[in-house]
Amino acid sequence: MIVRRIESRLVELLDTNPTVALLGPRQVGKTTLALTVAETRPSIYLDLESEADRAKLAEPELFLSAHQDKLVILDEVHRAPNLFQALRGLIDRGRRAGARFSRFLLLGSASMELLRQSGESLAGRIAYLEMQPIDGLEVPAPDTDRLWVRGGFPDSYLASSDRISMRWRQDFIRTYLERDIPALGPRIPAETLRRFWTMLAHQQSGLLNAAQLAGSLGVTGKTIASYLDLLVDLLLVRRLEPWHANTTKRLVKSPRIYVRDSGLVHALLGIGSENDVLGHPVAGPSWEGFVIETLIAAAPEGTQPNFYRTAAGAEIDLLLVLPGGATWAVEIKRSLAPKAERGFHTACEDVDPERRLVIYPGKDAYPLGHGIEAMPLSLVGKALLGLAPA
């Protein structure tokens with residue numbers, strides 16, 4: 001059984017905020033986590049994809065007032081966009097009555113809708129928590145490669161074979177394209193969006209070149225921006241921004257783009273087994289994205305992730321600016337004999353980070369010289385977890 005680190009954080013937020021929004025892609029485990037927490041306190045669960053449950057909220061204040069002594073879990077809350085104003089009134093009345101704990105736990109797989117609505121009505125009354133797929137610190141070290149190949153969605157990772165895992169991911173992609181995204185409003189042809197998503201997988205970790213993508217799809221740059229915004233808002237793609245500071249260096253200004261789940265990268269490209277992945281050009285960029293997602297998930301709240309790249313070729317794959325201002329520079333290698341590239345040395349001279357790390361898929365930590373350490377992902381992740389306040 002996989003024990004998710006996020007559970008304790010969710011409990012902490014529920015105990016200190018009137019409302020909590022738990023955000024994450026579909027099938028990532030939000031409902032399972034919410035129902036696990038519900039077992040520890042009086043709760044009621046409503047699935048707003050169910051017509052019967054939506055009917056219960058025809059008069060939301062009347063229904064919810066009858067359950068003011070419970071934690072009300074509202075799943076797929078973007079399905080009831082008119083609900084937020086009622087929640088605001090109920091939260092404020094509870095505050096005036098001295099309520100200390102959460103009354104509402106909102107689950108959403110579409111952050112763009114949820115954040116927009118809650119921003120209009122629940123500002124100052126809601127805390128947000130993002131639930132990512134299983135990351136590299138949540139499985140035993142020997143299972144890391146299987147997690148990387150299959151991705152972190154529980155049903156894909158835990159499938160009884162690579163074939164079944166691949167079929168699950170292909171069905172997941174198809175369901176998003178044909179049902180979930182149209183239900184959220186955007187009218188984008190499923191095949192067009194699939195081609196775009198697949199292009200991003202082919203260019204995993206690359207700099208965004210909107211003009212090139214637009215030319216390939218026969219659309220405008222503005223349309224490409226809207227497609228990318230959609231996948232970012234659905235928490236399926238990460239747009240990693242470049243780090244900027246007062247410097248005389250000519251820095252790259254385009255973001256780097258990652259399909260966030262490595263298993264979806266492989267499914268979009270049709271590569272299902274570890275041998276197939278290792279023999280594909282995407283292996284290095286896919287591993288890089290996997291490591292980046294794991295480290296961002298492990299980093300203390302308030303950490304700013306970026307990359308650093310100059311026009312002359314100096315580069316840091318991941319630059320973590322920690323709360324308080326300390327920086328960790330990370331180079332990522334899919335090699336058992338990693339070496340820090342010249343561009344990484346030069347970039348570290350520019351940035352002068354507190355730690356200089358090369359992450360590789362081995363087991364041992366050892367110095368590479370010039371203050372650079374080669375370390376496995378698990379050790380770096382645990383070091384970041386150790387920085388979180390107790």
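So here's what we get for this one:
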quantity: Cα shape, the range 141-385, gyration tensor, a/c 1.5 rule; calculated: oblate
quantity: Simple Cβ-charge dipole of the range 141-385, Lys/Arg +1 and Asp/Glu -1, about Cα centre, in debye nearest 20; calculated: 500 debye
quantity: Computed E for R41/K382 - FRET, C-beta separation, R0 35 angstrom, nearest 0.05; calculated: 0.70
quantity: Residue (of G221, L184, Q132) at the positive-pole extreme of the chain, dipole from beta-carbon charges; calculated: G221
quantity: Footprinting exposure proxy for H345, H78, H370 (fewest neighbouring C-beta atoms within 10 Å first); calculated: H370, H345, H78
quantity: Estimated [θ] at 222 nm from DSSP helical runs (n ≥ 4, -39500 (n - 2.57)) normalised by residues in the chain, nearest 500; calculated: -12000 deg cm²/dmol
quantity: Cut-off 20 Å, label 7 Å out along Cα→Cβ of A52, residues of the range 16-34 by amide N; calculated: 31-32
quantity: Gaussian network model of the chain, Cα within-10 Å springs - most flexible of L217, L14, L106; calculated: L217
quantity: The range 259-314: GluC sites (Glu not before Pro) in DSSP coil with no more than 16 other Cβ atoms inside 10 Å; calculated: E301
quantity: Candidates S205, S160, S286, ranked by Gaussian network fluctuation over the chain, Cα under 10 Å, top entry; calculated: S160
quantity: Extension gain, A245 back to A183 (0.36 nm per residue minus Cα-Cα distance, nm); calculated: 18.2 nm
quantity: Sorted by Cβ density within 10 Å, fewest first, the residues R187, R125, R169; calculated: R187, R125, R169
quantity: R355, R167 arranged by Cβ crowding within 10 Å, fewest neighbours leading; calculated: R167, R355
quantity: In the chain, lysine pairs closer than 27 Å at Cα, eight or more apart or cross-chain; calculated: 14
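Every read-out reported here was derived from the displayed coordinates using simple, explicitly stated rules and does not represent laboratory data. These figures come from a predicted structure and were not determined experimentally. Glycine also receives a Cβ, built like all others from the backbone with ideal geometry; neighbour counts cover every protein chain displayed.
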